[in-house]
Every structure is written in structure tokens, then in C-alpha cells.
Amino acid sequence: MTQDRARSFTDGDVQAVGRASRIVGLQIAVACAVVVVGIVVAMFLFVISQVKPAELFGPLPHANNLDVSAGDVLRATILLGIVLIVLAGALSWFVTRRAVRPLGDALRIQRSFVADASHELRTPLTVLDARLQVLQRGLSHDDPSAETVVELRRDTRSLIDIVNELLAAAEVEGTGSKLAVATHLNPVVELAVDSMQLIGADRSVRIVIEGSEPVWTYLAPTSAHRCVVALLDNALRFSPDGSTIVVGVAATRSTVSVTVRDSGPGIQGIDPARVFDRFAHSGTAIDGGGNTRSGFGIGLALVRDIVVRQGGSVSVLDSSARGTAIVFSVPRAHTR
């Protein structure tokens, strides 16, 4: 199984490197072609300006050693330009493949590490959940610890779901699979908010939900829960004490979106689009928030992986000194 997984990583990385090298090589080739065409056009205009129309296809004046016409010069220049463009394209393809190959190796090593670590974590977490289940069965309904054990089991299952998402994120070719039954998204969002309220309570950060319209999607409940938790975790880390985080649930005819808006200082020192890169870090420290850090971890990257596999998208809707809003959208499921 490990060999098959490693082979899939290698195949995926080879394809990723191939696509990247082709794109970069094409861009370099186009740039070289533009330069060559510019040179050819400049030479053409220069020859035209120096030769009379009647002499264009006749021998050049004062050509004592060579009987060459201006048309011959232009044709030779065009032919030379075509040859240079072809050579530039071949050279750019060769150079970019060699330059991008180490990136493929790094991607393969990273995905292998994530997959192996996730596999190692999943077994002890499953054992922990089983032991908590045994403990739960041995408690009476009026035991004061019963509710705590239920919450511990729920948190353990959340950890198992996170590990499963890490495994899914490590797969390059994974496109995700849609559920046959639609998921009611509103209860999933409410459960995620209820879980994260405990973290925000220590700093008096409130989390409220806006939007009561029932919406459904084919995104798995565990995946949807993980996405909302990741966005809330990011918002909590950058929210000032005593502030409010607003979670909005909305839908259009074809999509369902969840927006998490905080009151932090906004994204600073990094392009907002890059916060979805794994372990992205801002270039400057962020002040004014609560438990702020300059890193964004892997949570937002997992959100992007999950929703993209389902045909959705995630983006920074707004970021300023008044706060940041991040929204993810997935295809809507119609129950009627």
C-alpha cells in the first residue's frame, strides 16, 4: 500500500512538474518570440526606409562583392527569426524542466510526510475513541462526567476527521467524491460554531450566525465542519478580545457559501491570495489583535483543497483595518 501511495505521489508530481515546466517554457518562448519579431520588424522597416521601391527587388546599390537584393535580406532575416524562435522555445523547455524538477521532489517529500504522519496518527486516535466509548458505556446517565466524555468523543472524532482530510489533501490526483445524499449545511455550521465558542470564551470573543435559510450541498458533513472550523480558528487567532465574529450562510441558485468575518487588523505583509498556501507567513508582525501570529498554518490550505475537490472556491472577500472576511463556496444541492 505504501509503495502504491508513493507511486501515485510520484506520478502526480511528475505531471505537476510537467505542467509547470510547459507553462513556464511557453511563457519564455513567447517572450523570446516577441523580441525576435520586434527585431525582424525593426530591420524590415530600416531596409524599407533605406531602399527606393524600384530597388526593393533588385541588387542593392554599391554592392560590389555580393549581388544581394533588399528582398533577399528581408527573407533571410525572417528565416533567421523563425529559426531563433524555434531554438528559444526548445531551449526554454529544456531549461525550465531542469529548473522545476527539484520542486517536484520537494512536493513529493512533503506529501509523503503528511500521508505517513496522518496514517500513524489515525490508529492511536481510533484506539482513543474506542476507549472513550467503553468509558461512556460504563457511566450512568446521571454521572456528572457523562457530558464531558461525550464532548471528548466528539473532539476525538473531529481529530480523526482532520487526519482523514490531511490524507485527502496529500493526494495530488484526488478529485473528491460527491455524496449520493445531500448534506444539510446549517446544522454543520452550528455545530462548528458551538465547538469554537469554547475557545473564544476565554477572550470574550463571540461568534454569531447570520442567515437562517436552510441550504444543502453534496459536501460531506465532516469536510464542511472542517472548513468552518478552520476559518473560525483563523478568525479567532486574529480577533481582538471582546470582539465578535460573524458567520454568514447564504445561497444562490447554484452555489452555497459560508463567510467568516472577524474584527481583526486585516491581512498584513502578504498578498491575501497567498494565505491559502501551506504554512504561509506574513512579512511583518500583526498588531492589534488577540492571540495573533504571523503564520496561517495549514488550515486555510486544507479549506482550499476540500472545496476545490468539490468544484468550489475559497477567497478573501475583504481585508482592511476593520477586519477580514473569508468565504468558501460549493455547488448547491437541490432537495426538491
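The values are calculated or read from the model by the stated rules, or taken from the named source; none is laboratory data. From a predicted model like this one, the values you see are computed outputs, not experimental measurements. Don't worry about glycine lacking a Cβ; one is built from the backbone with ideal geometry, like all the others, and counts go over all protein chains shown.
At-a-glance table
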| quantity | calculated |
| --- | --- |
| Unique residue being at pLDDT below 75 and within 50 Å of the chain's Cα centre (by Cα) when the list is LEU132, LEU79, LEU60, LEU74 | LEU74 |
| Residue satisfying all of: in the stretch 220-268; of a type in the set (Val, Ile, Thr) and surrounded by fewer than 20 Cβ atoms within 10 Å (Cβ to Cβ); modelled with the lowest pLDDT among these | THR222 |
| Pair list, Cβ under 8 Å, 6 or more apart: the stretch 295-318 residue outside the structural domain of TRP216 (by TED's automatic domain parsing) and part of a helix (DSSP H, G or I), other residue modelled with pLDDT of 90 or more and among the acidic types (Asp, Glu) | none |
| Complete set of residues in the stretch 180-227 that are outside any helix (DSSP H, G or I), touching an Asp or Glu at 6+ places or on another chain (Cβ under 8 Å) and of a type in the set (A, V, I, L, M, F, W, C) | VAL205, ILE209 |
| Every pair of residues 6+ apart whose Cβ atoms lie under 8 Å, when the first sits in the stretch 121-147 and is over 14 Å from ARG157 (Cβ atoms) while the second is assigned to a helix (DSSP H, G or I) and modelled with pLDDT of 85 or more | LEU135/VAL149; LEU139/ALA146; LEU139/VAL149; SER140/ALA146; ALA146/GLN136 |
| Test: residue in the stretch 304-313 that is modelled with pLDDT under 85 and of a type in the set (Lys, Arg) | yes |
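Yes/no per residue for (1) aliphatic (A, V, I, L, M); (2) farther than 24 Å from ASP155 by Cα; (3) out of contact with any strand residue (DSSP E or B) (no Cβ under 8 Å at 6 or more places or on another chain):
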position: TYR218; (1), (2), (3): no, no, no
position: ALA230; (1), (2), (3): yes, no, yes
position: PRO240; (1), (2), (3): no, yes, yes
position: ILE245; (1), (2), (3): yes, no, no
position: THR252; (1), (2), (3): no, yes, no
